[in-house]
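The values are calculated or read from the model by the stated rules, or taken from the named source; none is laboratory data. Because the structure is a prediction, the values reported are computed rather than measured. Note that each Cβ is placed from the backbone with ideal geometry, even for glycine, and that neighbours are counted across all protein chains shown.
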Amino acid sequence: MNKAIAIIYFCTLSILSTSAYAERTVLTPDTIPAFDDIDVNRDSSISRDEANNSKSTWLMKSFDMIDKNKDGELSKSEYKKVKSKSS
């Protein structure tokens with residue numbers, strides 16, 4: 001019985017770790033969307049709605065980290081710093 005539980009445990013761990021690995025994206029300047037492609041209303045900032053509508057999982061998950069001044073919007077300079085660090 002204990003052996004069966006151990007096998008199930010390790011199989012579950014294996015599946016979960018594979019899923020987490022598959023979600024990782026290597027960020028390069030080519031994989032990060034262009035600022036102007038996301039800023040659809042052309043107000044020189046990316047709102048959370050624009051980030052969510054971009055369908056960029058990376059941007060949606062990273063929005064708060066990129067928003068250094070915590071104003072709820074990404075400026076061109078905030079966005080460019082992240083894009084330049086990925087190269």
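Restricting to region 45-55, name every residue that is touching a residue at least 24 places away in the same chain (Cβ under 8 Å) and either out of contact with any Gly (no Cβ under 7 Å at 6 or more places or on another chain) or not in a helix (DSSP H, G or I) (or both). Answer for region 45-55, where residues must be touching a residue at least 24 places away in the same chain (Cβ under 8 Å) and either out of contact with any Gly (no Cβ under 7 Å at 6 or more places or on another chain) or not in a helix (DSSP H, G or I) (or both): Ser45, Ile46, Ser47.
Checking each residue in region 45-60 for being surrounded by 12 or more Cβ atoms within 10 Å (Cβ to Cβ) and basic (Lys, Arg) picks out only Arg48. Right, Leu16: touching a helix residue (DSSP H, G or I) at 6+ places or on another chain (Cβ under 6 Å) and either at pLDDT below 95 or not aromatic (Phe, Trp, Tyr) (or both) or not? No: the conditions fail for Leu16. If I filter region 65-87 for residues that are at pLDDT below 90, surrounded by 16 or more Cβ atoms within 10 Å (Cβ to Cβ) and outside any loop (DSSP other than H, G, I, E, B), do I get at least one hit? Yes, some residue in region 65-87 is at pLDDT below 90, surrounded by 16 or more Cβ atoms within 10 Å (Cβ to Cβ) and outside any loop (DSSP other than H, G, I, E, B).
Within region 31-49, the set of residues being under 15 Å from the mean Cα position of the chain (by Cα) and over 19 Å from Lys81 (Cα atoms) comprises Asp49 only.
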